[in-house]
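Q: Below is a structure I'd like to ask you about.
The values are calculated or read from the model by the stated rules, or taken from the named source; none is laboratory data. Just so we're clear, the structure is a prediction, and the values are computed from it rather than from any experiment. Methodologically, a virtual Cβ is constructed for each residue, glycine included, from the backbone with ideal geometry; neighbour enumeration extends over all protein chains shown. The accessibility values were calculated without ligands, DNA or RNA, using every heavy atom of the protein model including side chains. Shrake-Rupley method; radii C 1.70, N 1.55, O 1.52, S 1.80 Å.
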Amino acid sequence: GVSVGTDGNIYITGSFNTAMTVNILGNLALLSSGQSDLFVACYAPTGSLQWVKTGGGVGDDIGYGIAVNSTGVFVQGTYKGGAAFGASTTPAGLNNGHVQAVLLKYSLTGNLLWRIDGTRTNKDQNAERIACDELGVYLTGTFGTNQMRWYNGGTLLTTINATGDPNIYVCAVHNDGT
């Protein structure tokens, strides 16, 4: 995904396998923790890299969408198994081996501010679209039967009950992660 901030900076997210080299005052080599890792990068309007962050675990971890407002950078993605993004790791009990949805918020300078995990016990979740305004972020995706639970750390934020298979989720999250 790609988004442009009001400051003109260009923010991108995606994934890389094994290793990725980024040109920043020479070459910066990034190594994945597993099959593939999520990355978030910020480029100045001149094209120079300002910062890059990676995260993931042993499975496939992918950044699908990115949105920026004056309070930070929102990244929508997925991970399989447990995943670490900065100092934030998958909360105990949420690592079930299936694809989990994740919403990350970084400061405009690249510091991880918070993380929200969307999880189920027996089916995968998929991230689809993301957008934001000055109030917060909005995201959509799909999930399987039963229900999907959204957690901030180990705290349950909300539960979305299924009506079939697959199901669509639409979520709104304030800038502070609530």
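Q: Can you tell me which of (1) open to solvent by 70 Å² or more (accessible area, probe 1.4 Å); (2) aliphatic (A, V, I, L, M); (3) under 16 Å from the mean Cα position of the chain (by Cα) is the one Ala67 doesn't meet?
A: Unmet condition: (1).
Q: Right, another one. Mind checking which pairs have a first residue in segment 61-84 that is under 12 Å from Asn126 (Cα atoms) and in contact (Cβ under 8 Å) with a residue 60 or more places away in the chain and a second that is part of a loop (DSSP other than H, G, I, E, B) and open to solvent by 10 Å² or more (accessible area, probe 1.4 Å), Cβ under 8 Å, 6 or more apart or different chains?
A: Gly63/Gly1; Tyr64/Gly1; Gly65/Gly1; Gln76/Gly1
Q: Can you report the number of residues in segment 1-27 which are open to solvent by 30 Å² or more (accessible area, probe 1.4 Å), in a strand (DSSP E or B) and at pLDDT below 70?
A: Here the count works out to 5.
Q: On to the next question. Could you please let me know if Thr78 is surrounded by fewer than 19 Cβ atoms within 10 Å (Cβ to Cβ) and among the β-branched types (Val, Ile, Thr)?
A: When the stated conditions are applied, Thr78 does not pass them.
Q: For segment 125-156, enumerate the residues that are outside any loop (DSSP other than H, G, I, E, B), open to solvent by 20 Å² or more (accessible area, probe 1.4 Å), at pLDDT below 90 and closer than 20 Å to Val99 by Cβ.
A: Selection gives Asn126, Glu128, Thr142, Gln147, Arg149, Tyr151, Asn152, Leu156.
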